[in-house]
Structures are given as structure tokens and as C-alpha cells.
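The values are calculated or read from the model by the stated rules, or taken from the named source; none is laboratory data. Just so we're clear, the structure is a prediction, and the values are computed from it rather than from any experiment. Positions of Cβ are generated from backbone atoms using ideal geometry, with glycine treated the same way; all protein chains shown enter the neighbour counts. Each accessible area value is taken on the protein alone, full model and side chains, heavy atoms only, with ligands, DNA and RNA left out. Shrake-Rupley method; radii C 1.70, N 1.55, O 1.52, S 1.80 Å.
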Amino acid sequence: MIAEAGLAALWLAGTFALIQLMLAWGAVRANGTAQADELMTALRRVSLLQGLLALLSFGLLIALFVRSDMSVVLVATNSHSAKPLIYKIAGAWGNHEGSMLLWVAVLATAGAGVALFERRLASATLAATLGAQAFIAIGFYAFLVFASNPFIRLDPPAPDGQGLNPLLQDPGLAFHPPTLYIGYVGLSVAFSFAVGALIMRDVGPAFAKAMRPWVLTAWIFLTIGITAGSYWAYYELGWGGWWFWDPVENASLMPWLAATALLHSVTVLATRDGLRAWTLMLALVAFAMSMIGTFLVRSGILVSVHAFAVDPTRGSFILALLGIYIGGALALFGLRVGTVTQGSTFRLVSREGALVLNNLLLTVILGIVFIGTLYPLFAQAMGVQLSIGAPFFNKATAPVALALVAATAAGPLLRWRRDSMNALLGKLLVPVGAAGVAFALVFALSRGTHPVPVLAIAFAVGLGVASVLPLVRRNLRRTPMHVWGMVIAHLGVAVSLAGMAADSAFKTERLAAVHVGDNVTVGPFRVTLAEVRPAIGPNWSALEARLQVRRGEDGQVFEMMPQQRFFSAPPTNTNEAAIRTLFDGQLYTVLGEGAEDGRWQLRLWWKPWVTLIWLGGGLIALGGLLALIGRVRRERREDDA
Amino acid sequence: MKRALIWAPLALFAIVFGLAAAGLFKPADRTIYSAMVGKPLPTIELPALLPGKPGIATAQLKGKPRLLNVFASWCVPCIAEAPHLLALKAAGAEIDAIAIRDTPEAVRAFLARNGDPYTRIGDDKASVGQLALGSSGVPETFLIDSRGVIVKQHVGDIRAEHVAELLAALEAAK
């Protein structure tokens, strides 16, 4: 019965989405009449109901996975009764149908949130926004019930399930998709706001202030999702790298880049009433990138190590949705943006100017990633098979990213409206000096290192110093929370950049084949293979190496245990790297194949300061969170006043 | 200028949309072709698999254009391809073979059932010869010209319609 109830809830939610769209239509047409208020009340209630039903449907799917109900096709193919509970739950979205249901549940919940909390917008604009949100949801409900029904029964039921890809059987990854989806779908709200504003020709500070918390929330979740995804790939895939420029990774990076630009331009619109058309465009582009990302991953037209649902029927369905929503919104933009009057203007050297520069540079990086990700598709249409990898992306994005770092350092030091070049140069004296000293020091201490990572470290130091300057000579206790947020987020960028640069400049790698008892050195460590022994887990068995590691001559000996795991359902081998985190970096060890002569392959990396990459990501997200809390509180105070 | 800019995103999206649709409805050709085509045959030394039939040594595969067929007794398309190899042989083609991960008994039974078009059969238990050729599966057939250069790679089984084409290519490779 649970499966049938879930499907019924899904159908009902879809029906309510249709009603929501019609009510929104009516409310927009009745704008200004007495009837409009009644329609608005109904519209808010229906949005709420739609959200609750979608959540209920998703909750029921989770219940099916928790009970290991093998009479449901999706459970039988993606779960196993022997799995730990947390992975049974994660199994609900660790597959195509479940993740699409999660997507629509988040979408509908976000719509309900707008209906519940949004009091700032003109009611007709809010109605148009809720209508746009319903319109998006309808397409995804149709996709679910007609092309990806997660509740199909299996008759007769399977004796047991086929399991979950063991690579995905990891706490980090279990919560990775929901995090990213909240981010993606949060951007759908920004998209709907933009569509609503275009329909009602109502673009201004009120609209920007209404949209900003949603953009911030989506952006925080995207930041956490990308950071966690990067760390997951780093420790789970056993290859020692933290970013691969894989199409699936790019699919999450592109909306993040667009959302970062949007976050900054929406601030200009909210506080200075500038950048109206540009902000609208970014809101459309950010969600377009989310949808294109979903499409790329789900359709299988781009070959990726992560893509797990390759199906042309579904691909064409999503492509059609993409055409309707993105194409439609861009056409609406083209038709209506001319009627959006220009906002206030500003000088080139000003806070606005720096934010525009930041937006342009982010857009350029977005363009590079977009082109690099889609170029193989383009080449294929021309009859050439090729793939574009890390060397292209690294080379193409690095200079733009460094320019962006410089803009990020300078922006917060500028005044709104207008500032003078001389004043700016004066303020930049300290950070630029710090960067120069850092460059000279690192370059001298690490002779033979490639200058680009050293330059990146210098930029990181400069940005780090510049980031905290807005706090200097300020009463710290009276500094608004969103300023703290900005400072911490920018500091996070500096920390991440330092980690990336340090990893690429100073990491050392060792690949060795050793007998039990042999020593290998990597960086400052001496690693001894003490033994290789069997190990048993809840649903896997493994070969485990016991490594004894000593740092330097007189360091404490500690042990590390990398494993090769064997999962039986489905039969798969994975490498469990053992990672030791020290204050100044990580030692990363992988156990490889055993040879017939009794030697074992060991892969060892010493990665100085690599942890800064994810620490920085965490700081960026924390900064976003502080800004969000600060903005919401301040606006509530303004409303009360 | 400004109007053009406003419509640029939609135009860009239309291009991407078209490309994605094309990619979706015309799936990529995932055939892997060898990088060795156009290059001299790499050095391959494979022992004989069956008594009375020599193995493969690259040095001997010169002087006359020939086909080098990568096959296995456990490969189903190889059965489908067998009559067409016999037809090629009957038309005067010289055909050598590399047997991948196979045993003498299994190959003897395979040839007894499907006919034997081969002059030489090299025994490639570890796929060393296959890897050297840049072949990624069975069956595959390489056409080697009289100077010992690989001029053509046929991926997959040879069907009736390929016979004339291969004979013409053999003639051209003299």
C-alpha cells in the first residue's frame, strides 16, 4: 500500500501544481480588484499543499527503502536487506527515479516556503512567481509519473535486492545529492522570482531583497555540496586528487559560479537599485545551469564516470523541459527587459564597479567551464571524438581566477557610487605588500617550484589580508553580521586558494612495490608495511595493510590501514584510502594489487596544507550563513519599524 | 547592438539545445580504432597454437598483402564471420590469425566446425599481440600490405558485404 499511496500523493501534488498555476493566472489578471485577495489566499494554501504532498510522496519512498520492500522495482534494484540503515535511506535518492523525486520534493517545498514567508513583494508579482514555480513543478511531475515512476511494483517480488553501488556507500556521499539539490532547486526560486518580475515589469530593490535570502540559501548549500563532493572524490576514489573537471563536477560548479555572480549583483540591486537587467539575466542563467547540469548527468550524452542513468527517452523528456523553461524564460527576458527601466548609475571606480568586474570575471570562468564541458558534444556533431580534461580547464581558468581574486580583494575596500583610484591604491598597499613578501619568501624557500602556484599563494595571502581590512578601525561588536559574513567568505576563498596552490606546488608522490617489512619514504615520512591481513565489515570483506609511519627520525610512530574492499552485492572492488590528517597536511595511502612474488603495491602521497581547500570551502559557506542570518534579521527589524 | 545582446543568450541556448538534441538522437560512435593504422606492424612473436601450423612472427608477414584476423573460439561473432573468411580464402586471400586467451582443443573444435581459413595461428594467452596491434576486442581484422604496413582495420565481424571490399583493398595493397 505504501507504494500506491506514494504514487497517489505524487499525482495529487501534480494536480495541485496545475491548480496553483491557474490560481496564479487568475490572481495576476484580477490584480487590483477585490477578488485578487481571495485568489491570493487560495494560491498560498494550494502552494503549501503541493509542497506537503510532494514531501509526503518522497517520505513514503524512503519508508519503502527502510522496510526493504522488494516488491518495488526501484528498491529491488537499488537496495539490499543487508545494508546499514543509513544507506538504505540514502538508497532512496541514490538512483535516477528517487533523485528526481527528491528534486521535485525540494522544488515544491521551496515554493511552499515562498508562499508561507514572502510578504515583501507586491501581491501580483508574488502570484506570478508562484505561478512560475508551479509551471516548473508540473513538468517534473509529468516526467516522474510518465517516464520515471519510482513506485512501480515488481511481481513476483525479488528475494533480495541488488544493492547500491559501493562507491556511493559512504556517509559523505549519502548526503551529497540532497545538499546539491537544495542548492539547485533554491535557484529555481530565484528563477521564478525573475520570471514573476519580468511578467509584472516589477524589478527593483524590493524584488532583490525578496530574492536575496533564497539565492543565499541556495548558494550556501551549493558551496557545501561542492566542497563535500570534492572531499568525497578525494578520499573515496583513491586517486589523490581533489578536482577532476569531470562533466558531473562541472554540472555543480556552473550553477555555483552563476549563483556567486547573482549573489553579488543582487546586492547591488537591493542596496543601490543598479544592475537590474543583469541581475534578472543571472537569475535565469543560474537555474538554467542547474537544469542543464541535471540534463547532462541524467541523459548520458556526456560520458562521465559518475553518470548513473543513461536513457535517451528520459534524456529527450528532460531536454524538452529544458527547452520550454529555459528557452521560454530567455524569450520572455528578450521581450520584456526593454521595459525594465535602467536603475541608478555609478562610476567605474566604486563598489558597484568592482562588483560588475567580479560578475564579468565569474561569467568568463562560467563560459570557459561551459564551453569545455560542452565542446566534446559540439565536436561530436562535427564528427570528431574528443575529450577535454584538466589541463585545458586549469590553464584557461587560472589567470581569470587570479584576476578575480584581485577584484575580490579590492571590492570591499571601495565606497559605493564613487571612489578615487588614489584612495584605492592607498588601501591596497598593505595587502599587495603582504602578497609581495609572501611571494619572495615562498619562492626563495622552495627553489625549483613552478612560479604559478607560488604566485597563487601570494595572491591568497594578499586576499587574506585584504579580506579582514574592512573590520579594521571598526567597532567589532557593532559591525553588522552580513559584513562579518562577507569577511569570512572572502577569507575562505583565500584559504581555499592557498590549499590548492600548496597542494599543487609541494605534494610528493611515491609508488612502490614492497614486501612485508620493507620501508618506503615519502616527503618527511618513513612508511613500513607491517602486515597485510583480512578484515570484515557489515557487507564487505577486505584486505587491509597495516602501515607503520614515522615522521622524521624521532617522530612518534602511528599506524594507517588502507584497504581493498570486496562487496558481494553487486560484486565490486573498491580502494579505501587511509588518510592521516596532520596540522600541516595529509598523508594519503592506498593499497594496490599484490604481485605473485609477494610484493604489494603502495601509493603514498604527502600533501602539505591540502586540508585548507575544504576548510576554505567551509568558511565560505559559514560566511554565507552569517550573511543570511544578518540580512533576514535586519529586514525583520526594518519591517517592524 | 543592445537589442542583439538581449537576444544573444536565447540564441546561445538554441545552439546548445540543438547540439544536445543531436547528441541525444544520434548516439556517439563508441568504436575504438587502433592508433596503429598506417604504421608498420609492431614486433609480435607468438608461438604456434596447433601442431603443423606455424605461429606469428612479424618478420614473416611481408612480401604479399594479407589479413591478420584476431579471433577466439569463445567468441560468437567469430562463428558468424567464419564462412566469409573462407570465401576470402577461396578468392586467394592469405589469412593469418591471433587466437586470444584460447586452448588448442577449443580452437581445433572451432576450426573443425566452422572451417579453417588460416595459414598461421599465433597463441596469445595474455593478449600481448592484441594489445600491440591496438585491438580492443574480437573479432577484428587487420589488412597488412606487402611492405608490412597496417593499411586498414576492420572492427567487428566480417559480413558478406565486406568480402568484395576487402578483396579490392588487398589488391590495392600489393
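Being modelled with pLDDT of 90 or more and part of a helix (DSSP H, G or I) narrows it down to one residue among A:Ala54, A:Ala36; which is it?
Among A:Ala54, A:Ala36, only A:Ala54 is modelled with pLDDT of 90 or more and part of a helix (DSSP H, G or I).
Results for (1) of a type in the set (Lys, Arg); (2) within 30 Å of A:Ala76 (Cβ to Cβ); (3) free of Cβ contacts under 8 Å to residues at least 12 places away in the same chain, shown as yes or no for each residue.
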site: A:Asp503; (1), (2), (3): no, no, no
site: A:Val527; (1), (2), (3): no, no, no
site: A:Glu544; (1), (2), (3): no, no, no
site: A:Ser568; (1), (2), (3): no, yes, no
site: A:Arg580; (1), (2), (3): yes, no, no
site: A:Leu591; (1), (2), (3): no, no, no
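Residue check: is A:Glu509 under 30 Å from A:Thr449 (Cβ atoms), out of contact with any helix residue (DSSP H, G or I) (no Cβ under 8 Å at 6 or more places or on another chain) and not in a strand (DSSP E or B)? Explain how you work it out, then say what you get.
Working: under 30 Å from A:Thr449 (Cβ atoms): yes; out of contact with any helix residue (DSSP H, G or I) (no Cβ under 8 Å at 6 or more places or on another chain): yes; not in a strand (DSSP E or B): no.
Taking the combined requirement at face value, the residue does not satisfy it.
Between B:Gly92, B:Gly115, which is surrounded by fewer than 18 Cβ atoms within 10 Å (Cβ to Cβ) and within 20 Å of B:Lys62 (Cβ to Cβ)?
Values: B:Gly115 fails: within 20 Å of B:Lys62 (Cβ to Cβ).
None of the others qualify; the one that does is B:Gly92.
Does any residue of the stretch A:392-408 turn out to be open to solvent by 70 Å² or more (accessible area, probe 1.4 Å) and among the hydrophobic types (A, V, I, L, M, F, W, C)?
yes
When you look at A:Val461, is it at pLDDT below 90, in contact with a helix residue (DSSP H, G or I) (Cβ under 9 Å, 6 or more places away or on another chain), within 25 Å of A:Asn394 (Cβ to Cβ) and surrounded by 15 or more Cβ atoms within 10 Å (Cβ to Cβ), yes or no?
no
Condition check ((1) at negative phi; (2) at pLDDT below 90; (3) touching a helix residue (DSSP H, G or I) at 6+ places or on another chain (Cβ under 7 Å); (4) not in a helix (DSSP H, G or I)) across all residues:
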| position | (1), (2), (3), (4) |
| --- | --- |
| B:Val70 | yes, no, yes, yes |
| B:Ile79 | yes, yes, yes, no |
| B:Leu85 | yes, no, no, no |
| B:Gly92 | no, yes, no, yes |
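Hey, any hits in the stretch B:34-43 for a residue that's over 20 Å from the mean Cα position of the chain (by Cα), surrounded by 12 or more Cβ atoms within 10 Å (Cβ to Cβ) and either of a type outside the set (A, V, I, L, M) or modelled with pLDDT of 85 or more (or both)?
No; the residues of the stretch B:34-43 include none that is over 20 Å from the mean Cα position of the chain (by Cα), surrounded by 12 or more Cβ atoms within 10 Å (Cβ to Cβ) and either of a type outside the set (A, V, I, L, M) or modelled with pLDDT of 85 or more (or both).
Test B:Glu94 against the criterion of being of a type in the set (Asp, Glu), more than 19 Å from B:Met36 (Cβ to Cβ) and touching a strand residue (DSSP E or B) at 6+ places or on another chain (Cβ under 6 Å), and give yes or no. Before you say what the answer is, go through the steps one by one.
Values: of a type in the set (Asp, Glu): yes; more than 19 Å from B:Met36 (Cβ to Cβ): yes; touching a strand residue (DSSP E or B) at 6+ places or on another chain (Cβ under 6 Å): yes.
Against the criterion (of a type in the set (Asp, Glu), more than 19 Å from B:Met36 (Cβ to Cβ) and touching a strand residue (DSSP E or B) at 6+ places or on another chain (Cβ under 6 Å)), B:Glu94 qualifies.
What number of residues within the stretch B:130-153 satisfy the criterion of being of a type outside the set (A, V, I, L, M) and either assigned to a helix (DSSP H, G or I) or touching a Leu at 6+ places or on another chain (Cβ under 7 Å) (or both)?
5
Give me the pairs, please: first residue somewhere in the stretch A:481-494 and part of a helix (DSSP H, G or I), second residue anywhere and of a type in the set (D, E, K, R) and surrounded by 23 or more Cβ atoms within 10 Å (Cβ to Cβ), beta-carbon distance under 7 Å, and either six or more positions apart or on two chains.
Here the result reads none, with nothing in the stretch A:481-494 linked to a residue that is of a type in the set (D, E, K, R) and surrounded by 23 or more Cβ atoms within 10 Å (Cβ to Cβ).
Confirm whether A:Thr223 is surrounded by fewer than 24 Cβ atoms within 10 Å (Cβ to Cβ), at pLDDT 90 or above, within 19 Å of the chain's Cα centre (by Cα) and of a type outside the set (D, E, K, R).
Considered against the rule, which asks whether it is surrounded by fewer than 24 Cβ atoms within 10 Å (Cβ to Cβ), at pLDDT 90 or above, within 19 Å of the chain's Cα centre (by Cα) and of a type outside the set (D, E, K, R), A:Thr223 comes out as no.
Being more than 9 Å from chain B (Cβ to nearest Cβ), open to solvent by 20 Å² or more (accessible area, probe 1.4 Å) and over 27 Å from A:Ser344 (Cα atoms) is the filter here, so list the residues in the stretch A:356-375 that pass it.
A:Gly367, A:Ile368, A:Ile371, A:Tyr375
Do you know which residues across the stretch A:249-281 are within 14 Å of chain B (Cβ to nearest Cβ) and either in contact with a Gly (Cβ under 7 Å, 6 or more places away or on another chain) or open to solvent by 10 Å² or more (accessible area, probe 1.4 Å) (or both)?
Hits for the stretch A:249-281 are A:Ala251, A:Met254, A:Arg276, A:Ala277, A:Trp278, A:Met281.
Suppose we filter A:Phe378, A:Phe333 for residues that are modelled with pLDDT of 85 or more and within 11 Å of chain B (Cβ to nearest Cβ); which single one remains?
A:Phe333
Can you tell which of A:Arg526, A:Arg473 is outside any helix (DSSP H, G or I), open to solvent by 60 Å² or more (accessible area, probe 1.4 Å) and more than 30 Å from A:Pro431 (Cβ to Cβ)?
Result: A:Arg526 is the single residue among A:Arg526, A:Arg473 that is outside any helix (DSSP H, G or I), open to solvent by 60 Å² or more (accessible area, probe 1.4 Å) and more than 30 Å from A:Pro431 (Cβ to Cβ).
Among residues belonging to the stretch A:561-615 that are part of a loop (DSSP other than H, G, I, E, B) and either within 28 Å of A:Asn539 (Cβ to Cβ) or of a type in the set (Ser, Thr, Tyr) (or both), point out the one that is least open to solvent (accessible area, probe 1.4 Å). First the steps, then the outcome.
Pass one, the stretch A:561-615, residues part of a loop (DSSP other than H, G, I, E, B): A:561-562, A:568-571, A:577, A:583-584, A:595-599, A:609-611.
Next cut, either within 28 Å of A:Asn539 (Cβ to Cβ) or of a type in the set (Ser, Thr, Tyr) (or both) only: A:561-562, A:568-571, A:577, A:611.
Details: A:Met561: 70, A:Pro562: 0, A:Ser568: 95, A:Ala569: 38, A:Pro570: 49, A:Pro571: 114, A:Ala577: 22, A:Thr611: 37 Å².
The residue in question is A:Pro562.
Quick test of your reading of the structure: B:Leu170 fulfils all but one of (1) open to solvent by less than 20 Å² (accessible area, probe 1.4 Å); (2) part of a strand (DSSP E or B). Name the failing condition by number.
(2)
Applying the selection to the stretch A:318-333, what residues are out of contact with any Pro (no Cβ under 8 Å at 6 or more places or on another chain) and either under 18 Å from A:Met200 (Cβ atoms) or of a type in the set (D, E, K, R) (or both)?
Within the stretch A:318-333, A:Gly328, A:Ala329, A:Ala331, A:Leu332 meet the criteria.
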